[in-house]
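Here is the structure we will look at, set down as structure tokens.
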Number of protein chains: 2
Amino acid sequence: MNCEILAVGTELLMGEIVNTDAQMIAQGLNEHGFNVYWQTVVGDNPDRLRAALETAKSRADILITTGGLGPTADDLTKETVAEVFGRPLKMDEVQLARLKERMGPKMTPNNEKQAMLPENCTVLVNDWGTAPGCAFEADGCHVIMLPGPPRECTPMFQLRALPYLEQLCGGVIGSRYVKIFGQGESSVEYLTRPLADSLENVTMAPYAKEGECELRITARAETKEAALALCDPVVEQVKAILGDKVYGVDVSSLEEVVVRGLEARGMTIACAESCTGGLIAKRITDVSGASGVFGYGCVTYWNEAKMGLLGVSPQTIEQHTEVSAQCALEMARGVRRLAGASVGISTTGYAGPTGGTEENPVGTVYIGLSWEGGETVFRPDRRYMRTREQVRRHAASHALDLVRREVLNL
Amino acid sequence: MNCEILAVGTELLMGEIVNTDAQMIAQGLNEHGFNVYWQTVVGDNPDRLRAALETAKSRADILITTGGLGPTADDLTKETVAEVFGRPLKMDEVQLARLKERMGPKMTPNNEKQAMLPENCTVLVNDWGTAPGCAFEADGCHVIMLPGPPRECTPMFQLRALPYLEQLCGGVIGSRYVKIFGQGESSVEYLTRPLADSLENVTMAPYAKEGECELRITARAETKEAALALCDPVVEQVKAILGDKVYGVDVSSLEEVVVRGLEARGMTIACAESCTGGLIAKRITDVSGASGVFGYGCVTYWNEAKMGLLGVSPQTIEQHTEVSAQCALEMARGVRRLAGASVGISTTGYAGPTGGTEENPVGTVYIGLSWEGGETVFRPDRRYMRTREQVRRHAASHALDLVRREVLNL
């Protein structure tokens, strides 16, 4: 079935916000086997909205609209859809009561309009805002209306619209997300292509995400459990192909894997950061509950700080400079000792845009690791680190990944 | 003149990438006084692309396409535009030579296609990639074709397409960006509304940006300098209205203002972070050249670290807990002393989702500041800090803002 996504909102046309709803919906539809052929954006203008709806009606099997379900006179998606598809609006008493309860004394007469819905539609209950969505079929076209704000649109699409669409075509989708660090999207695709081509009921697609890669493995079956059961052997095959580049399945981030892994082993970590300037500590403490494993971090941007706080020896800096394997190692040892932690991790390098030497140009980073089981230094490939932001982000990711591989053996 | 933005690319329809080009172009067009009425996305499919072009031709004065200018068979924007607008493609020898020089031995025969351009078009030279853009007028419609990758599309639009469009309507645009912290978008709009309504040749629009607000002031004149000269008195009026909530004009971030301000005064800063967990240090070191003012940061998540590294007294923690004005102050003093810095800044609080007490629930943050001129503690309003991420981001912003206001008097 071919789909069109129609976003209604002047703020999108003005470029005040970016149309992330369309991406989220397009991705979800494609994952579930629906083809998206058109995306359109129009403003809060009845004539242009009517024209866009007439066009969509003539070419799409499924039309999903976002936005224009609010209480003001500007919000006219439902009214115009009702007109174009010949499905007059009537007051839905259940939704009106719900709205009154939700809004309490803040309810104004114009809010009531939000409970007006097309006759005989399927109501998509909105637990995340005031405007209910709805779905109906008319003239061979399935129309689904969703609210515009992403914090409402996303759960409304995932938990209300998708189940409605799954009913239409039978079966449900289950997906596993394989998270990969240290292997680019195109290389992941190349390595897993033979496997992907050999699969019959399971699909596989890699996505690049901020210096990482995510491989989505998806199957359709009677139940979600059955779909996931089809995915699981493929997950194992992917792991066999990509080895320890896979840092987790269905996990949110590298830092979460590290924090949970340390937690499970009763271990703690401390970090000493030069070029990453606090980013490793920031990412560790992004994870709720990080205080169970993390207590101390030092940002030692200056050599005085590396020597004074961490005990890096002046000779090391004199002989090897502060951007060296030796310095990284002494920093990792130093912060581990200072914090009394199981693991010490450090970074030192040239983030740019200025600085660096002929031997160690901008992008050179040494990561030091010291733990009960030993110590090591890692120097990431400079090729993927061109901007200051990339150098810092990649260096922090490599540091977390080093802990995962060397210490946690995950 | 009314505009349509047509993006061509299956990866957009699949939801693999979000259509940031459309937002960037829509915002630029609106700033320059062009109305965007339609945005459309189609895939790399000749029939649907042709249909979309026919529709756009019938309703738009200006049509901007993005994507589909690459060397492969999938890239068919130029071919289809040529057909629909009756402007056959011919080889542009200047662009071909440029392409050969740029690509060197990597040049393959299919790359040559990128130098094929519509007869008598204005070439938009691409200094950021291999595909040149172009512009022409046919049947009363101005057509501009731009490459899809945002790192090419953005400069091509700003530096090539906009000057072409400005020629069409006479005059150029100049804008000032007033950066505001501590006052929300709606409140900024409310406070500046009377001024905005009183302006004749200057427009003003607020934008919410990650917990901050940006007010864009724009004018049109013969030259950019003349346009900016029209904006400047309005900037002063805005500053008079918003007072020290304005942290800068045409600057990139709060952290940049702080780093440059310290630098100008020959001062240095050190930070001691608990709930922000490294985010302040990370933001300071995001600024290139931060090493001139920043050498030491401590992330002291545990009380042992606060006491051991920063010298917070056990009595303070016992009497007031670690989330207290007293502890924040001792942390700021401690890190300033440790680093020998002009300014010490600290954070301690409950970032959530768990933790907190009845008196100090999740979202409570104390920011400590110690400098040559004195010391102070600030407790930001909890209402804007609901999620863990918001608490941490706002707390870091407030800390930087406190340094700006109290120490730098900016």
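None of the figures in this text is laboratory data; all of them are computed from the coordinates on show. Keep in mind that what you see is a predicted model, and the values were worked out from it rather than measured. Methodologically, a virtual Cβ is constructed for each residue, glycine included, from the backbone with ideal geometry; neighbour enumeration extends over all protein chains shown.
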Axis-nearest residue in chain A [Cβ, rotation onto B], distance in whole Å | A:Gly278, 2
Summing -39500 (n - 2.57) over the DSSP H runs of n ≥ 4 in chain B and dividing by its residue number, what mean residue ellipticity at 222 nm do you reach, to the nearest 500 deg cm²/dmol?
-> -12000 deg cm²/dmol
Anchor A:Lys90: lysines whose Cα lies under 29 Å away (excluding residues fewer than 8 positions away in-chain) | A:Lys57, A:Lys78, A:Lys100, A:Lys106, A:Lys113
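Fully extended, how many nm does the chain gain between B:Thr55 and B:Trp128 (0.36 nm per residue separation, minus their Cα-Cα distance)? Working shown, then result.
Working: separation 73, 0.36 × 73 = 26.28 nm, distance 3.07 nm.
Fully extending the segment from B:Thr55 to B:Trp128 adds 23.2 nm.
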For peptide A:267-279, the mean count of other chain Cβ atoms within 10 Å per residue Cβ is 4
Non-local Lys pairs in region B:172-249, i.e. 8 or more apart or on different chains, that have alpha carbons under 15 Å apart | 4
Pick out, from A:Val125, A:Met156, A:Val258, the residue whose Cα sits farthest towards the positive end of the charge dipole of chain A, with +1 on the Cβ of Lys and Arg and -1 on the Cβ of Asp and Glu.
-> A:Val258
Pull up all non-local amide H partners of B:His142: gap of 5 or more, or a different chain, and H-to-H distance under 5 Å with H placed in the peptide plane.
-> B:Ile62, B:Leu63
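Could you list A:Leu310, A:Leu195 so that the one with the fewest beta carbons within 10 Å of its beta carbon is first and the one with the most is last? Don't skip to the answer; put the middle values down first.
Details: A:Leu310 22, A:Leu195 15.
Least crowded to most crowded, the residues run A:Leu195, A:Leu310.
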Cβ charges +1 (Lys, Arg) and -1 (Asp, Glu), total dipole of chain A, debye | 740 debye
Given q = 0.13, 0.16, 0.17 Å⁻¹, what are the Debye log10 I(q)/I(0) values for region A:172-249, with equal point scatterers placed on the Cα positions and solvent ignored?
-> -0.34, -0.52, -0.58
From zero up to wherever the largest Cα-Cα distance of the protein assembly as shown sits, split into 20 Å bins and tell me the percent of pairs in each.
-> 14, 41, 39, 6, 0
In terms of modelled amide H atoms, which long-range or inter-chain residues lie less than 5 Å from the amide H of B:Leu6?
-> B:Thr40, B:Ile64, B:Thr65, B:Thr66
With each label point set 7 Å from Cα along the Cα-Cβ vector, what nm distance links B:Thr72 and A:Glu101?
-> 5.2 nm
Can you tell which of A:Val36, A:Met107, A:Ile62 lies farthest toward the positive end of the dipole of region A:1-159, using +1 and -1 charges on the Cβ of basic and acidic side chains (Lys, Arg; Asp, Glu)?
-> A:Met107
So what's the angle, to the nearest 10 degrees on a 0 to 90 scale, between helix B:325-339 and the longest Cα principal axis of chain B?
-> 80 degrees
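I need A:Phe157, B:Phe136 ordered by Cβ neighbour count within 10 Å, fewest first. Don't jump to the answer; show the numbers that get you there.
Values: A:Phe157 24, B:Phe136 18.
The fewest-first ordering by Cβ neighbours comes to B:Phe136, A:Phe157.
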Computed from the mean reciprocal separation of all distinct C-alpha pairs, what Kirkwood hydrodynamic radius does region B:94-230 have, in Å?
-> 18.1 Å
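To the nearest 20 debye, what charge dipole does region B:59-172 have about its Cα centre, counting +1 at the Cβ of each Lys and Arg and -1 at the Cβ of each Asp and Glu? Write out the running numbers ahead of the final one.
On the way: 11 positive and 15 negative charges, 62 e Å.
Using only the charged Cβ atoms, the result is roughly 300 debye.
If we count every other residue with Cβ under 9 angstrom of A:Thr10's Cβ, Lys/Arg +1 and Asp/Glu -1, where does the sum land?
Working: positive: none; negative: A:Glu11, A:Glu16, A:Asp44, A:Asp74.
Summing Lys and Arg as +1 and Asp and Glu as -1 gives -4.
Roughly how compact is region A:254-408, stated as its Cα Rg over 2.2 N^0.38 Å to two decimals? Show your work: numbers first, answer last.
Working: Rg = 14.2 Å, N = 155, 2.2 N^0.38 = 15.0 Å.
The reported ratio for this selection is 0.95.
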Relative to chain A, whose Cα atoms define the longest principal axis, helix A:46-59 and its Cα axis are tilted in degrees, nearest 10, by 90 degrees
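Give me the net charge of B:Ala341's neighbourhood, meaning all other residues with Cβ under 14 Å from the Cβ of B:Ala341; Lys, Arg count +1, Asp, Glu -1. Mind dumping the intermediate values first?
Details: positive: B:Arg265, B:Arg333, B:Arg336, B:Arg337; negative: A:Glu304, B:Glu263, B:Glu372, B:Glu375.
Summing Lys and Arg as +1 and Asp and Glu as -1 gives 0.
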At B:Asn409, label 7 Å along Cα→Cβ: distances to the other copies, nm, ascending?
-> 6.3
Sorted from largest down, give the three principal axis spans of the alpha carbons of chain A, whole angstrom values.
-> 83, 52, 41
May I ask for the net charge around A:Leu310, where only other residues with Cβ less than 9 Å from the Cβ of A:Leu310 are counted and Lys, Arg are +1 while Asp, Glu are -1?
-> +2
Springs between alpha-carbon atoms under 10 Å, Gaussian network over chain A: tell me which of A:Arg333, A:Arg383, A:Arg176 tops the mean-square fluctuations.
-> A:Arg383
Would you work out the relative contact order for region B:2-169, in percent, from Cα pairs under 8 angstrom that are 6 or more residues apart?
-> 23 percent
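Could you give me D for region A:2-169, from Stokes-Einstein at 4 °C and 1.567 mPa s, where the hydrodynamic radius is the Kirkwood radius over C-alpha pairs? Units µm² s⁻¹, please. Walk me through the numbers on the way to the answer.
Numbers: Rh = 15.8 Å.
Value of D from the Cα-based Kirkwood radius: 82 µm²/s.
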For the Cα atoms of chain A, what angle does the longest principal axis make with the long axis of helix A:93-103, in degrees from 0 to 90, nearest 10?
-> 40 degrees
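Find the relative contact order for chain B and round it to a whole percent, using C-alpha pairs within less than 8 Å whose residues are 6+ positions apart. The partial results should precede the final answer.
Working: 776 pairs, mean separation 40.1, N = 410.
Dividing the mean separation by the residue count of chain B yields 10 percent.
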Report the dimensions of region A:1-101 along its three principal axes from the alpha-carbon atoms, largest first, rounded to Å.
-> 37, 30, 27
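How do B:Asp61, B:Asp75, A:Asp381, B:Asp21 line up, fewest other C-beta atoms within 10 Å first?
Values: B:Asp61 16, B:Asp75 21, A:Asp381 10, B:Asp21 28.
Ascending number of Cβ neighbours within 10 Å: A:Asp381, B:Asp61, B:Asp75, B:Asp21.
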In debye, nearest 20, what is the charge dipole magnitude of the protein assembly as shown about its Cα centre with +1 on Lys and Arg Cβ and -1 on Asp and Glu Cβ, if you could check?
-> 1460 debye
Calculate the spin-label point distance for A:Leu199 paired with A:Ala240, positioning each point 7 Å from the Cα along the beta-carbon direction, and give it in nanometres.
-> 1.5 nm
Given springs between every Cα pair under 10 Å in a Gaussian network model of chain B, which of B:Tyr190, B:Tyr207, B:Tyr177 has the largest fluctuation?
-> B:Tyr190
Towards the positive end of the charge dipole of the protein assembly as shown, with charges on Cβ (+1 Lys, Arg; -1 Asp, Glu), say which of A:Val18, B:Gln319, A:Val188 has the farthest Cα.
-> B:Gln319
